[in-house]
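Every number here is computed from the coordinates shown, using simple stated rules; none is lab data. Small disclaimer: the values here were computed from a predicted structure and weren't measured. So basically every Cβ, Gly included, is an ideal-geometry build from the backbone, and we count neighbours across all protein chains shown.
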Amino acid sequence: MKKILLVDDEESIHLLYREELEEAGYEVHSALSGDEALNTLDILKPDLVILDINMPGLNGIDTLRRMKEKMPEMPVILSSAYQEFKQDLASWASDDYIVKSSDLTELLESVHRHLA
């Protein structure tokens with residue numbers, strides 16, 4: 001079973017994404033901050049990370065950079081409620097960019113594509 005690390009400071013996103021991803025056959029682990037995600041990375045060794053951008057403390061862009069330094073081949077999908085971050089050059093280091101929505105079709109397609 002492929003492991004996904006979900007990094008977001010919103011509990012509601014964890015509940016929504018976890019339910020859909022587990023139903024799709026993935027093992028989902030949670031981190032509520034960038035620092036927690038980085039501390040978990042070496043232990044968990046996830047197959048993919050879904051990473052929020054706008055978080056208190058270490059934001060998603062800085063977390064992405066540090067993750068790619070540690071595990072450059074691991075796919076990271078940025079997930080944000082804000083479309084404008086997609087134009088930010090720093091977000092281009094991610095493997096995909098998804099705008100948060102209650103319709104998780106795009107997210108699930110991206111996860112399947114990167115873990116196929």
statement: Filtered hits (lysines, Cα-Cα < 21 Å from K45, offset >= 8 within chain) -> K2, K3, K68, K70
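Per DSSP helix of 4 or more residues, -39500 (n - 2.57); summed, then divided by the residues of the chain. What does that give at 222 nm, rounded to the nearest 500?
Values: 4 runs with 46 residues, N = 116.
Computed ellipticity for the chain at 222 nm equals -12000 deg cm²/dmol.
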- prompt: Taking the structure as given and computing semi-axes √(5λ) of the Cα gyration tensor in Å, which label from (i) 31, 16, 10; (ii) 21, 19, 11; (iii) 18, 16, 14 fits?
  reply: (iii)
- prompt: Once you list every other residue whose beta carbon is under 11 Å from the beta carbon of K3, what net charge do they have if Lys and Arg are +1 and Asp and Glu are -1?
  reply: 0
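Dipole of the chain, Cα-centred, from +1 at each Lys and Arg C-beta and -1 at each Asp and Glu C-beta, to the nearest 20 debye? Kindly include the intermediate steps, with their values, before the conclusion.
Numbers: 11 positive and 24 negative charges, 88 e Å.
Dipole size: approximately 420 debye.
Just in the stretch 1-64: which GluC sites (Glu not before Pro) are loop by DSSP and have at most 15 other Cβ atoms within 10 Å? Walk me through the numbers on the way to the answer.
Working: sites: E10, E11, E19, E20, E22, E23, E27, E36; in loops: E10.
Hits after loop and neighbour filter: E10.
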